[in-house]
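A quick write-up on the structure given underneath.
The values are calculated or read from the model by the stated rules, or taken from the named source; none is laboratory data. Computed from a predicted structure; not experimentally measured. When we count neighbours, we look across all protein chains shown, and the Cβ atoms used for this are built from the backbone with ideal geometry, even at glycine. With ligands, DNA and RNA removed, areas are computed over all heavy atoms of the protein, side chains included. Shrake-Rupley method; radii C 1.70, N 1.55, O 1.52, S 1.80 Å.
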Amino acid sequence: MWPDLIQKSKDGGLDVIETYVFWNLHEPVQGQYNFEGRADLVKFVKAVAAAGLYVHLRIGPYACAEWNYGGFPLWLHFIPGIQFRTDNKPFEAEMKRFTVKIVDMMKQESLYASQGGPIILSQVENEYGNIDAAYGPAAKSYIKWAASMATSLDTGVPWVMCQQADAPDPIINTCNGFYCDQFTPNSNAKPKMWTENWSGWFLSFGGAVPYRPVEDLAFAVARFYQRGGTFQNYYMYHGGTNFGRTTGGPFISTSYDYDAPIDEYGIIRQPKWGHLKDVHKAIKLCEEALIATDPTITSPGPNIEAAVYKTGSICAAFLANIATSDATVTFNGNSYHLPAWSVSILPDCKNVVLNTAKINSASMISSFTTESFKEEVGSLDDSGSGWSWISEPIGISKSDSFSKFGLLEQINTTADKSDYLWYSISIDVEGDSGSQTVLHIESLGHALHAFINGKIAGSGTGNSGKAKVNVDIPVTLVAGKNSIDLLSLTVGLQNYGAFFDTWGAGITGPVILKGLKNGSTVDLSSQQWTYQVGLKYEDLGPSNGSSGQWNSQSTLPTNQSLIWYKTNFVAPSGSNPVAIDFTGMGKGEAWVNGQSIGRYWPTYVSPNGGCTDSCNYRGAYSSSKCLKNCGKPSQTLYHIPRSWLQPDSNTLVLFEESGGDPTQISFATKQIGSMCSHVSESHPPPVDLWNSDKGRKVGPVLSLECPYPNQLISSIKFASFGTPYGTCGNFKHGRCRSNKALSIVQKACIGSSSCRIGISINTFGDPCKGVTKSLAVEASCA
């Protein structure tokens, strides 16, 4: 997927690709490195260079990034005497060794700009300033050490630290956030840089889906350059998928779409991608003025800010309205209408090339088409379902289990080799069978299942705000011996916060039986427990479908916990991106041809409240301001890269933890349905027409272009000139409308791969004098 994603980024007007370097990906075992396949960092940097773009290499090696353990490998935690991210010799030795390793790899391939390569910036540490107070005086000496360690590596390009106000010279301190226009670096000698402009927000299992309106994102970008910004990076421009067990959090979803300009599947998200492309062009029209001088900033009205970059005959200006209502402002003797929460860009200090709230770019509706699983011919087995299965044993089943007095913390016990840890104990109950009692369990997280005498008795799960789990489970015990098997699980390890590596997980207790026959309680916490790291069949490799113990003879078990399932399938035809719809399953992990496509959890539903149908972009954005998908599963669709699929025969393996029916799952392929545009008489002409006489004469233009090569516009589903309203796929005519609009648009567009229509009463007539009119169109391509 890399070359296509990089090209789409370049086409969107980017100059630089920024990437993390995940330590746990590249050194999963101490001293054993992985730079193959998806982990081939040199190949990635060279792919960016091949497209003619620069690279910002964020080595860290702490990354955060909603990534498992913040990018640290688990073995680091077990080094004697180590403390992460502070003035600690064992930690600094390891951090230096890895940083040197990466820098040397880049130097050997001549990839720094100082060697003629694409890397123009590197980062050390990450957002440490947000949490450094907790580390006391040692934080200061650690940051000084990190800065001198990095600069001693002599890369010939600058180093940055994000969110680090006290970054020592010559390290450049940079800003991360939804807005960074008010940020200033800690020295006049340092450029004003924005390393993370959050284009949306991440999704958590159990959370609603966040999104960020493009009008607000464009406003934030323009405000930054209005006030002297030099470098701005979108986090994310493409977020993609957290395959395998790479998600952090805990509870970060497998999808890391982030409402980014390129979506999780590699499809351009419109109008976000297109409008930002126009913003980038508009800012670059001002480049000569922006790099020549600092802005002169004035306030020609309340909540209005004008910035002028003028040197000699060169002049560029930005006019911002930071209020939530529209305004008209006089600037240089001319009058300008400024929509609420918007910036107008004037590359010649006179004419507006773009306003951030007025979108000329088309929008697109993409949708998933569901199709049932096509089993491979001849693979139908005796059960008739095409599925075979293995039951994962409840409780202890592996030879490497061990016993200890007391309850163990999970991460120290598993070293994250698996999400799962069994805690097992056997107790004797005197008297009659069938005594009712309550099993009280307290866990640091992230979820658990309790089995009594081999049967599921109850479960508990935390959430992204509170990982801890406290449950009271009513249980029935028998006379004599009773087995209590507790399956504790992690859902991605903590990735952010001071001392996050010490927060822990698992059933650390107490575990108490309450309300026994004689009214007594029994605290089981300090008794002898038997432990098993991971699942029996995790080690035997059914994840690639090769284990010989698959059962296909009898009825397929469904809605039962701890079952492995396997089927062979034919990939959906065509080239559209593919997902599996896991509706019908509970929670688990899935593998396609041996590759983990991540954890699935379609039963974790988001809260009912807090969503908006349409989010008002005006006013400051926050991660909870614009949410959709309330009261629905956080994620039902899980991406399978096309490159992991064979055309005819593929193997899907699932481990179902809580219970589901695999015959319910289906494929979904993603395609673009309709494209729309809504442009008014008050919009500026297209950015590309700037400087041409045509632009001055043309006025606003509505443009449509089919998303794929070899497509033609096949139908116009809606066209209205006047006062239409609504959103793409749901446009409606206003009271004022021209009766010619549909035929004019059909004639201009149908049968072409793209079309442009001037928004003018000369074309459409004037259905209502004195009113600002607009043209709204919905079209489809074939």
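Quick notes
- Modelled this way, with points 7 Å down the Cα-to-C-beta line, the labels at Ser614 and Lys417 are 5.7 nm from one another.
- Approximate spin-label separation Gln711-Lys43, in nm, with each point projected 7 Å along Cα-to-Cβ: 3.0
- Positive-end residue of Ile359, Trp550, Leu742, charge dipole of the chain with Cβ unit charges: Leu742
- Surface composition of the stretch 402-533: carbon plus sulfur atoms contribute 53% of the solvent-accessible area (1.4 Å probe, protein chains only, all chains present).
- Two-site FRET efficiency, Ala189 against Glu681, from Cβ-Cβ distance with R₀ of 51 Å, rounded to 0.05: 0.60
- When only the Cβ of Lys, Arg, Asp and Glu is charged (+1, +1, -1, -1), the dipole of the chain relative to its Cα centre reaches about 2340 debye.
- Structural descriptor for the chain: relative contact order 12 percent, calculated from alpha carbon pairs under 8 angstrom and at least 6 residues apart.
- Per-residue [θ]222 nm for the chain (sum of -39500 (n - 2.57) over DSSP H runs n ≥ 4, rounded to 500): -4500 deg cm²/dmol
- Label zone of Lys747 (point 7 Å out along Cα→Cβ, amide N under 20 Å): in the stretch 705-736 this covers 713-722.
- Most positive-pole-ward Cα, Ser561, His238, Leu57, against dipole of the chain from beta carbon charges: His238
- The stretch 453-575: Lys pairs at Cα distance under 24 angstrom, eight or more positions apart or on different chains: 10
- Each peptide in 237-246, 136-145 receives the mean, over its residues, of other Cβ atoms within 10 Å, and ordering these scores from highest gives 237-246, 136-145.
- The label point for Gln646 and the one for Gln549, both projected 7 Å from the Cα toward the Cβ, are 2.5 nm apart.
- R0 of 30 Å, Cβ-Cβ distance Gln560-Lys374: FRET efficiency to nearest 0.05: 0.70
- Cross-link reach is defined here as a Cα-Cα straight distance under 23 Å, omitting same-chain residues fewer than 8 places apart; for Lys747 the lysines meeting it are Lys694, Lys697, Lys717, Lys732, Lys773.
- Taking amide H as placed 1.01 Å from N in the peptide plane, Gln494 has its amide H under 5 Å from the amide H of Tyr69, each at least 5 places away in sequence or on another chain.
- Rounded to the nearest Hz, the phi-derived 3J(HN,Hα) couplings of the stretch 48-60 under the Karplus curve 6.51 cos²θ - 1.76 cosθ + 1.60 (θ = phi - 60°) are 5, 4, 4, 7, x, 10, 8, 10, 10, 9, 9, 6, x, where x marks glycine and proline.
- Within the stretch 630-658, backbone nitrogen closer than 11 Å to the virtual label 7 Å beyond the Cα of Asn593 toward Cβ: 641-651
- R0 of 41 Å, Cβ-Cβ distance Thr298-Ala50: FRET efficiency to nearest 0.05: 0.35
- Length added when fully stretched, Thr330-Ser780, from 0.36 nm per residue minus Cα-Cα: 157.8 nm
- Å² per residue, accessible surface of the chain at 1.4 Å: 40
- Dipole moment magnitude, nearest 20 debye, the stretch 402-533 about Cα centre, only Lys, Arg, Asp, Glu C-beta charged: 100
- Charge tally in the Cβ shell below 12 Å around Val687, where Lys, Arg are +1 and Asp, Glu are -1, Val687 excluded: +2
- For the stretch 700-781, with all protein chains in place and a probe radius of 1.4 Å, 48% of the accessible heavy-atom surface sits on carbon or sulfur.
- Among the cysteines of the chain, those with no neighbouring cysteine Cβ under 4.7 Å are Cys64, Cys162, Cys286.
- Length released on extending from Lys468 to His77, taking residue separation times 0.36 nm less the Cα-Cα span: 138.6 nm
- Tilt relative to the chain, helix 89-108 - C-alpha long axis, 0 to 90 degrees, to 10: 50
- In plain terms, the chain from Thr772 to Asn739 could stretch by 10.2 nm, reckoned as 0.36 nm per residue minus the Cα-Cα distance.
- In Å, descending, principal axis extents of the Cα set of the chain: 94, 63, 52
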